[in-house]
1. Just to check your reading of the model, which residue among Gly48, Gly101, Gly95 is under 23 Å from the mean Cα position of the chain (by Cα), modelled with pLDDT of 85 or more, among the small types (Gly, Ala, Ser) and farther than 27 Å from Gly255 by Cβ?
2. Please state which one of Thr521, Thr515, Thr488, Thr493 is touching a helix residue (DSSP H, G or I) at 6+ places or on another chain (Cβ under 7 Å), under 17 Å from Arg66 (Cα atoms), in contact (Cβ under 8 Å) with a residue 12 or more places away in the chain and assigned by TED's automatic domain parsing to the domain that holds Val139.
3. Looking at the structure I just gave you, is Ala265 modelled with pLDDT of 75 or more and under 17 Å from Ala480 (Cβ atoms)?
4. Report yes if Trp189 is under 27 Å from Tyr138 (Cα atoms) and either in a helix (DSSP H, G or I) or of a type outside the set (A, V, I, L, M, F, W, C) (or both), otherwise no.
5. Only one of these conditions is not met by Thr432: (1) under 19 Å from Val272 (Cα atoms); (2) outside the structural domain of Gly314 (by TED's automatic domain parsing). Which number is it?
6. For the list (1) touching a residue at least 24 places away in the same chain (Cβ under 8 Å); (2) in a helix (DSSP H, G or I), I need the number of the one condition that Asp371 fails.
7. Any residue in the range 155-176 that is of a type in the set (Asp, Glu) sitting within a Cβ distance under 8 Å of a residue that is buried (at least 22 other Cβ atoms within 10 Å of the Cβ) and in a helix (DSSP H, G or I)? List the pairs, counting only those 6 or more apart or interchain.
8. All but one of (1) among the charged types (D, E, K, R); (2) modelled with pLDDT of 85 or more; (3) farther than 16 Å from Lys363 by Cα; (4) out of contact with any helix residue (DSSP H, G or I) (no Cβ under 8 Å at 6 or more places or on another chain) hold for Asp386, so report the exception by its number.
Amino acid sequence: MNDLNETKGIGKVIAASSVGTLIEWYDFYIFGMLATIIAKHFFPEEAGASALLSTLAIFAAGFIVRPFGALVFGRLGDIVGRKYTFLLTLVLMGGSTFAIGLVPGYKSIGWAAPLLVLLLRLIQGLALGGEYGGAATYVAEHAPAKRRGYYTSWIQTTATLGLFLALGIIILIRMGQGVDQFGSEWGGWRYPFWISSILVALSVYIRLKMQESPLFSALKKEGKTSTNPLKESFAHRGNFKMVLMALFGAVMGQGVIWYTGQFYAQSFIENVCKVNFVDSRNIILFAILFATPFFVVFGAMSDKVGRKWVMLSGMLLGVICYRPIYRGFMEWTSASSRTEKIDLASCKAHESVFTPDSKDKKKGYLATKVDTAYTDGAIFTYTKTDTIYLSQEFVQGNAGMVAFTRAKADSTVDSLVVKIKVPYGKTAGTETAMLDVARISVKPAVIAEKSLDSNTFWKMILFVFVQILFVTMVYGPIAAFLVELFPTKIRYTSMSLPYHIGNGIFGGLVPFLATLIVEYTKTPEKPAGDPLAGLWYPIGVASVCFVIGAIYLSNKIDEDVMD
């Protein structure tokens, strides 16, 4: 009967802790999920690829400040208590997320737009820096000694489930609105930020009903809580050694495995393989759905065999498998490897569309879309965009069509009639505007968007699932590992800092640094560079962490965490 009551009690603790943590991860990741659209609206149109890189840098900034949040809120949690500290972090996270959805775009307020988003993103990072340590500590201090890995692994599922929730909501809204409406300045891409306020209100209500951690309450009653947890955590040589061991022997590698397997995988599939929005998100969604139960499997396994080798095995598998996996992604989505499957009868050229430049009235963009169909059902869509320079300024008026004329070398005239793309919410006119072309850009931009066949779709799900399986191995046991490493009175501070340096800096920088590394490999002879070069960063970090962890970490489980 006692065991049954204990299980019910810990179940409530896990549920209350997990729902808030899940929502905080949801808040944190919708920004990354929508990076391409955010880049479009919060930076100048002419910024091009640098806008995406700048958006990823803002995304990374939220990770970089997480260790500072760990210090601030970790100290608060060790002095005031676990419950009220991660209640505060939840409110801060939810408020800043909601506010991001309200910031006008670059066209409305200029450079104030990305600066405001950066500020709010920094608040998000600080709040998340205080959330995880509190939730993991709270659950671990309620859990029975021999099942600590199992019970804390439920908290570990929240990061992936938060990502799952973010993806699911984004896909549903986009399907309901359509591409143009969803991607417009005040379109549906803002809704996930606003929905956060409802989720946060629910979580705050649940958390207000929670009791303080029994171990912390006992310490407080005896007057043994820390008066200066920062000093005790990092000025005490023995404890600081444990902090460094946790960071360089476990969390650093765990961080890069986590963000490569889920975040960089999605970025690579969408931006390098050019898989369309819905397919790329569905691949991640299915892989997460199938892999998430393994957080609990490996957390429970660590209770029996120890935490060390479960975590290090996940790192080693990532080091060995990443390049073959991502090479497979490229081969399966390469048009050059599918020439024998082209279905000529189903290939289609769409009507060209003219988009006037919003600032330069003598400039516009002519987009021509072609579908290459394959016998297995895949469709690779290529959009060629020529920059058109006009002889006179273009004023749209009631025009819904444009007739381009250009004198050829033999004195004949080229003529082409195309549609005008009007902003979302506006109606095209019925007249045709006659425009003279002065010149056309030498190198048109070509963008590919690929709809996958069923076989390739499921193969990619399998390979993302394998990567997330590595994530569950390194991440499932790590909360129990960190809790057991540090004494109760400074546990919140001591475990939060290495966790958020490992995840926030080493892990969170994976999408940005990997993309940046690929950019540096680009040359005039090889404009695409080496798409696999970015993988050397997570492979290198995980390799170093594996070696340090194998040498210095103990596999012994500390059953008594009341110390």
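The values are calculated or read from the model by the stated rules, or taken from the named source; none is laboratory data. Bear in mind that the values here come from a model prediction, so they are computed numbers and not experimental data. Ideal geometry is used to build each Cβ from the backbone, glycine not excepted, and the neighbour counts take in all protein chains shown.
1. So the residue among Gly48, Gly101, Gly95 that is under 23 Å from the mean Cα position of the chain (by Cα), modelled with pLDDT of 85 or more, among the small types (Gly, Ala, Ser) and farther than 27 Å from Gly255 by Cβ is Gly101.
2. Answer to the check: Thr493.
3. no
4. no
5. Here Thr432 meets the rest and fails (1).
6. (2)
7. Short answer, once both residue conditions are applied: none.
8. (3) is the only condition that Asp386 fails.
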